[in-house]
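Read the structure below first, then the notes.
The values are calculated or read from the model by the stated rules, or taken from the named source; none is laboratory data. Bear in mind the structure is a predicted one, so any value in this text is a computation, not a measurement. Heads up, the Cβs are rebuilt from the backbone with ideal geometry, glycines too, and the neighbour counts pull from every protein chain shown. SASA here: full protein model, heavy atoms, side chains in, ligands and nucleic acids out. Shrake-Rupley method; radii C 1.70, N 1.55, O 1.52, S 1.80 Å.
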Amino acid sequence: MKGILVGTMVLLAAISSQAATQLIALKTVPVAAGDQFLLYPSHNLGMGGVSIALDDSILDPFVNPAKGARIRESHVFTAPVFYSVSNNAGSSATLPVGTLFGGKIFGGGMVALQQLKRGDQWGPVWFGELDVLPSNALSERSATNKYAFLTLGTHLPGDVALAGSAFIADLNAVDGVEHLYAMASNIQQSGDLEDVRIGLTKTFAEGQTLEALGLYRRFDMRHDVVYIDWVLVDSTNWIWERDVREENNLDVTDTWGVHLGYQQPIGERGWRLGGVLTGNWKSHPKIPNYEIMNIPRDPGSSAAFNVGVGIAKVVGPTIFGIDIVYEPGTSDTWAEAEGPVETISGDTIPSGGKTVENEFSYSNAFVNVGVSRTEGPATFQFGLGLRAFDFHLDQWDNIEEDFRRQDESWMEWVPSWGVRLKLGDMEFRYMGRVTTGTGRPGVAWDGAAEARAFDAAAANDILLAPEGPLTLQDVTVITNSISLSIPIR
């Protein structure tokens, strides 16, 4: 019996693409989640997103609001993002617009609309009197998400800046979730995300900078899932009956985080050194009962940390940077008995007792490398990111009185490229990247597991998780981002 924590981690992995060291993603399934939360413009994204030893003046205020104190010129911007997943596994188009302004009081805001298209239907579809949507229904194929961001801060004596920010998202879909309900006939998602941050920065006389950040994030989604199970009622005449099963899964996570960052110049040859230290503590009041890897829908908690070092060199028109980050973490999840349950040895687990206990330990690592070169009005960027995910699971099945272990690991490669052009007062940016090593995850099922998977009565009671190792249908995510900044004068 297996249990894997996926829950909100799919979302966090996506969000972390632009805030890699502030929010830590405990990703346990290599699902292709796309770049749904790539909402903000960036100077460094085309060079692998290196950020520990290099500033990113246009992105930094969205990550740590106190870094808005470094805004050199007030401007308005738009930053359309388009991505698609190979094998017709989904796509998205996002249009953000916003402004950032500097001065004694600094800040800004952004709003964005997003159309998210689901990939091809791969599960069974039945409609008519069963009131299950056909695969070409608009609500099944497309969803609209809305985002808003606001930040405000001030300069304090001693080259200190203090600021806060708030982010809210009205979500009708999170990309990648549909892959985790592999046999669903219909999936409807709804929910929201709120993120509040308070940041502080300090600049020292010799060019050193120190930043501190505290954040709270709440992710609250509902998944209404319809399954069609086929039950063999007459084996002699090979007669089957269909049974429509509906599940209402909640995915709720509260995250508290702290982050510290430091940069300083080294010598007089353009070298810079940086370091980061982050802690995230997560409470999971509700974890979805994903079909691909069924886990408890009952409480869980996680703790994750990262430590990173970055080095960069800025010499005239050439910039080079490297980030190296190590992320350890742990998670505990469990299933609670709805009523008294008898164990295999005859003991009784009381109502509310733990029927299954999962302990996860994570050991993830990330490396980003990037370079840029300016020639006249144009700047060309190239980068490469490598993400290594590794986790270990210890699971106790208190009903079967059984213990098992599982280890899984995979790697994701992310080459990127970009160009920046100065067009008079305006600045145009293009960034492209490809993410490989993800896909549509599955499990190598044996016959007994497959039979239980279609047992509607059992599936609603006890955690029935896959009996085989993870499998993966490889796909790639191709992302293109265009942004335009216009100064306010």
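So that you can scan it fast, the table gives a plain yes or no per residue for (1) farther than 21 Å from residue 383 by Cβ; (2) modelled with pLDDT under 95; (3) open to solvent by less than 10 Å² (accessible area, probe 1.4 Å):
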| residue | (1), (2), (3) |
| --- | --- |
| 26 | yes, yes, yes |
| 43 | no, yes, no |
| 55 | no, yes, no |
| 84 | no, yes, no |
| 87 | yes, yes, no |
| 99 | yes, no, no |
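Going by what's in this entry, would residue 245 be described as among the basic types (Lys, Arg), closer than 28 Å to residue 56 by Cβ, surrounded by 14 or more Cβ atoms within 10 Å (Cβ to Cβ) and in contact with a strand residue (DSSP E or B) (Cβ under 9 Å, 6 or more places away or on another chain)?
So residue 245 does not fit the description; no.
Given (1) under 30 Å from residue 177 (Cα atoms); (2) free of Cβ contacts under 8 Å to residues at least 60 places away in the same chain, where does residue 306 come up short, assuming only one miss?
If we test residue 306 against (1) under 30 Å from residue 177 (Cα atoms); (2) free of Cβ contacts under 8 Å to residues at least 60 places away in the same chain, just (2) comes out false.
Quick check: is even one residue across the stretch 265-278 acidic (Asp, Glu) and open to solvent by less than 60 Å² (accessible area, probe 1.4 Å)?
Looking for residues that are acidic (Asp, Glu) and open to solvent by less than 60 Å² (accessible area, probe 1.4 Å), one finds none in the stretch 265-278, hence no.
May I ask you to verify whether residue 216 is in contact with a Lys or Arg (Cβ under 9 Å, 6 or more places away or on another chain), in a strand (DSSP E or B) and open to solvent by less than 10 Å² (accessible area, probe 1.4 Å)?
no
Starting from residues that are in contact (Cβ under 8 Å) with a residue 60 or more places away in the chain and surrounded by fewer than 15 Cβ atoms within 10 Å (Cβ to Cβ), keep the ones in the stretch 401-440 and report whichever is farthest from residue 484 (Cα to Cα).
402
Which strands (runs of 3 or more DSSP E) does the stretch 31-117 wholly contain that include 1 or more residues that are more than 18 Å from the chain's Cα centre (by Cα) and not polar (S, T, N, Q)?
Where strands (runs of 3 or more DSSP E) fall fully within the stretch 31-117 and carry at least 1 residues being more than 18 Å from the chain's Cα centre (by Cα) and not polar (S, T, N, Q), they are 75-78, 90-101.
I'd like the full set of residues that are part of a loop (DSSP other than H, G, I, E, B), at pLDDT below 70 and of a type in the set (A, V, I, L, M), limited to the stretch 1-24.
Of everything in the stretch 1-24, those that are part of a loop (DSSP other than H, G, I, E, B), at pLDDT below 70 and of a type in the set (A, V, I, L, M) turn out to be 1, 4, 5, 6, 19, 20.
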